[in-house]
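Report on the following structure.
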Amino acid sequence: MATATTSVHTDWRQEWFEIEDATYLNLASQSPMPRATIRAVQAAIEAMKYPHHKSDSTFFEVPDRIRASIAKLIGGKPEEIAITTGASNGMAAVAYGLSWNPGDEVITSKGEFPLQYATWRPMEEREGLKLKVVSPREHFITADDLLAAMTPKTRVVSVSLVRFDDGSLLDAARVAAACHAQGALLVLDISQSCGAMPLDVQQLGADFMVCAGYKWLLGPFGTGFFWAKSDLIAKMRPGPFYWMAVPGSHNFSSLSFDDPKPEVAAKRWDTAESASYFNLNLVAMDVSTDFVARVGPATVAAHNRKLIDLMYERLPKDRCVPASPLEADRRGPYGCFAARTKEKTLALYQKLREENVIVSLREGNIRVSPHLYNTERDIDRLISVITT
């Protein structure tokens, strides 16, 4: 797996502003941004008073640093990374960039995050492809389920590495091997894993990966990235691209657009106007991704594993059931549970929210997603509300 420098620092709670009015166990929904990120955004706002104090290089320094930080987190190359406003941009780049034949199959799984259907259903009408939705044979979707659904017509398997609704972790390497054996491609949504567990693009075997930046990358809503394997970038169909992806765009005084062609790099899919110190979302993403890389995803993974194991150990067995794999190596950085009925689950979720224990309700499961600012006391609080 890719490695990032991990500090010996142990009390990470000081890196965030204290959430005094709630027990916040909902990072898989929206991250509280670190103190350093907030300070950087405030400084950038101040700098807007005097834009002439910033040189042209400012337009490139921020996105270049973001690409470098993300590359460390996933074991990729900066030139393979596009900066986007979320996971959906990357999915659209794949859908529009591949060449399709009528009858080509795209496989996803039942209950996937909605971006899968929002991307591929319209492509059925546009290109004549077929979206095949696979149901799990047991409780969680597995590589075996996806492999069993593949046919000679399968062009793409498009799924999450970690499911948003149950936290289950897919054996992506097995799926990738099966795809490549028949010339198909694997698209992974890593929004619920990148930054919170060690990842390596070589070991995962994916061809494309998409990711939201406002979860485990600790950025604001409206950030994300798209990773494309180097040898596939040049094979994608031509299409509109961000003008700053033109070779030589670093020199504003010598831009030529007589025959504009993008660099053979993923930044052709950068969200328009993504570059510059004056894009506050990117200022935040820059500092947050650097922080995540310095902390190290392994640090977050170990911390969360301990807290989620404690949660499962202490959940009252007579009224709650686990909704994620109990084996830590089969789940992502959070855990889910449910009450004995759908109605009781909803009532329990509402009770937790009323008591300011902030969690999510996803597909009938209560999702608990801590981070380094959480401690065992927060799990104690969660269990206390459940049992009283």
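The values are calculated or read from the model by the stated rules, or taken from the named source; none is laboratory data. Values in this document were obtained by computation on a predicted structure and should not be read as measured data. Please note: Cβ atoms are built from the backbone with ideal geometry, for glycine as well, and neighbour counts cover all protein chains shown. Side chains are part of the model used for accessible areas, which takes the heavy atoms of the whole protein and leaves out ligands, DNA and RNA. Shrake-Rupley method; radii C 1.70, N 1.55, O 1.52, S 1.80 Å.
Before moving on, here are some points about what is shown:
- Solvent-accessible area of residue 53, all protein chains in place: 130 Å² (probe radius 1.4 Å, heavy atoms, ligands and nucleic acids excluded).
- Only Lys, Arg (+1) and Asp, Glu (-1) charged, at Cβ; region 156-306 dipole about Cα centre in debye: 320 debye
- Accessible surface of region 245-345 [probe 1.4 Å, protein heavy atoms]: carbon and sulfur percent: 53 percent
- In the chain, Cα pairs under 8 Å separated by at least six residues give a relative contact order of 25 percent.
- Based on protein heavy atoms only, region 51-155 ends up with 47 Å² per residue of surface accessible to a 1.4 Å probe.
- Kirkwood-type radius of region 256-388, with distances r between different C-alpha atoms, in Å: 17.8 Å
- Extent along principal axes [Cα atoms of the chain; Å; largest to smallest]: 71, 57, 34
- Region 167-232: Cα Rg divided by the 2.2 N^0.38 Å rule of thumb: 1.15
- Ordered from largest to smallest accessible area (heavy atoms of protein chains, 1.4 Å probe), the residues 230, 109 come out as 230, 109.
- Principal axis dimensions, region 152-297 - Cα atoms, whole angstrom, descending: 50, 39, 23
- Accessible area per residue (1.4 Å probe, heavy atoms of protein chains only) ranks 226, 257, 241 as 257, 241, 226, with the largest value leading.
- At 1.567 mPa s and 4 °C, Stokes D of region 203-281 from Kirkwood alpha-carbon radius, µm² per second: 90 µm²/s
- The chain - charge dipole about Cα centre, Lys and Arg +1 at Cβ, Asp and Glu -1, debye rounded to 20: 520 debye
- Inter-label distance for residue 234 and residue 257, nm, one decimal - labels placed 7 Å from Cα along Cα-to-Cβ: 2.6 nm
- Residues whose placed amide H lies under 5 Å from that of residue 362, excluding near-sequence neighbours: 367
- When 318, 166 are compared by accessible area at a 1.4 angstrom probe, the order from most to least is 318, 166.
- The orientation-averaged projected area of the convex hull spanned by the Cα atoms of region 81-230 comes to 8.2 nm².
- Note on residue 155: accessible area is roughly 50 Å² with a 1.4 Å probe, heavy atoms of protein only.
- Structure-based [θ]222 nm, the chain - -39500 (n - 2.57) summed over DSSP H runs of at least 4, per residue, nearest 500: -11000 deg cm²/dmol
- With each label modelled as a point 7 angstrom along the Cα→C-beta vector, the residue 221-residue 177 pair spans 4.1 nm.
- Reciprocal of mean inverse Cα separation for region 19-106 (Kirkwood radius, Å): 17.2 Å
- Restraint check, 110/344; 130/229; 130/153, Cα-Cα greater than 19 Å: 110/344; 130/229
- Take the Cα of residue 30, go 7 Å toward its beta carbon, and none of the backbone nitrogen atoms of region 163-205 fall under 17 Å from that spot.
- Rounded percent of accessible protein surface that carbon and sulfur make up, region 1-117, 1.4 Å probe: 54 percent
- Ranking 69, 197, 90 by Cα position along the charge dipole of region 69-200, where only Lys, Arg, Asp and Glu carry charges on their C-beta atoms, puts 90 farthest toward the positive end.
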